[in-house]
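The values are calculated or read from the model by the stated rules, or taken from the named source; none is laboratory data. Since the model is a prediction, treat every value here as computed from it, not as a measurement. Glycine also receives a Cβ, built like all others from the backbone with ideal geometry; neighbour counts cover every protein chain displayed.
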């Protein structure tokens, strides 16, 4: 089977698993890499620079010498509702999409890759590169005004994954950066952003003002941030839940476990998961919440303080 047929078969098999995909030649990634590097050289937004350096590794030759193509995938990623018991009441603690399902998404993709590419002795490896920009330029996704990527009817509730392979990619889509056409006449997300991170005068988000950036950091929450703005266990959904492009998915939510009053108190007081009792530690590990340490205790306190004051 030639490479074009393998790419077509792989795309079909991924789609049968609910995973959308695009394939581009490695040369296109080099374009994106140069674009990001150029932007960073002139960048003054310290928050965005820190985020890029922390999240991305531009090295592509991980386990493949001379990789020839990049495969970009979008996997549905719902939000998850946990419940914290506090003063006799259960308080919703929402974790937005993409925080807790990386391993599951990767396993789903690799099971298809193993079946299709492995049987044809083709090599592939997961990468940690700027997948959002690649997804948009490949035609898999479009930007929202909030700088979040939207993929078809999955909206922004989607985890983007990227792999390198030794497949040779011929014909492919390639676009300039683009936002959804509907964003031109819609400002709902910017009006609903409490911190002013979505600036109508520029394309990029003001990362240093984004509530997601602030409550993911281990450093203290700035004094200008109102406690009432916190409504998720981590991150923020104010621009996504209200977005018309998410009408189909915004109400979808996977139910996570309920934490008792004692468990909630214990999490608030323990800065490290290893300090928790074994049964609670296992409960956190099984649910994925242990990955939110060390900010989890502080964020629980912020969320419960808001609930205690009756803020919507």
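Annotations for the structure displayed:
- Boolean, residue 92 is over 23 Å from residue 2 (Cβ atoms) and part of a strand (DSSP E or B): yes
- Any helices (runs of 4 or more DSSP H) falling wholly within region 195-312 and containing at least 3 residues that are outside the structural domain of residue 105 (by TED's automatic domain parsing), without any contact (Cβ under 8 Å) to a residue 60 or more places away in the chain and over 17 Å from the mean Cα position of the chain (by Cα): 261-269, 278-287
- Options 151, 168; residue that is surrounded by 18 or more Cβ atoms within 10 Å (Cβ to Cβ) and under 22 Å from residue 69 (Cα atoms): 151
The rows are residues; the columns are (1) buried (at least 16 other Cβ atoms within 10 Å of the Cβ); (2) modelled with pLDDT of 95 or more; (3) under 30 Å from residue 196 (Cβ atoms); (4) outside the structural domain of residue 260 (by TED's automatic domain parsing).
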site: 103; (1), (2), (3), (4): no, no, no, yes
site: 109; (1), (2), (3), (4): yes, yes, no, yes
site: 120; (1), (2), (3), (4): no, no, no, yes
site: 127; (1), (2), (3), (4): yes, no, no, yes
site: 133; (1), (2), (3), (4): yes, no, yes, yes
site: 140; (1), (2), (3), (4): yes, yes, yes, yes
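- Matching entry among 146, 53 (being assigned to a helix (DSSP H, G or I) and either modelled with pLDDT of 95 or more or in contact with a helix residue (DSSP H, G or I) (Cβ under 9 Å, 6 or more places away or on another chain) (or both)): 53
- Test result for residue 139, free of Cβ contacts under 8 Å to residues at least 24 places away in the same chain and either out of contact with any helix residue (DSSP H, G or I) (no Cβ under 9 Å at 6 or more places or on another chain) or closer than 20 Å to residue 15 by Cα (or both): no
- Scope region 161-181; condition in contact (Cβ under 8 Å) with a residue 60 or more places away in the chain and in contact with a strand residue (DSSP E or B) (Cβ under 6 Å, 6 or more places away or on another chain); matching residues: 161, 162, 163, 164, 165, 167, 169, 172, 180
- The single residue among 185, 202 that is surrounded by fewer than 14 Cβ atoms within 10 Å (Cβ to Cβ), within 19 Å of residue 242 (Cβ to Cβ) and out of contact with any strand residue (DSSP E or B) (no Cβ under 6 Å at 6 or more places or on another chain) turns out to be 185.
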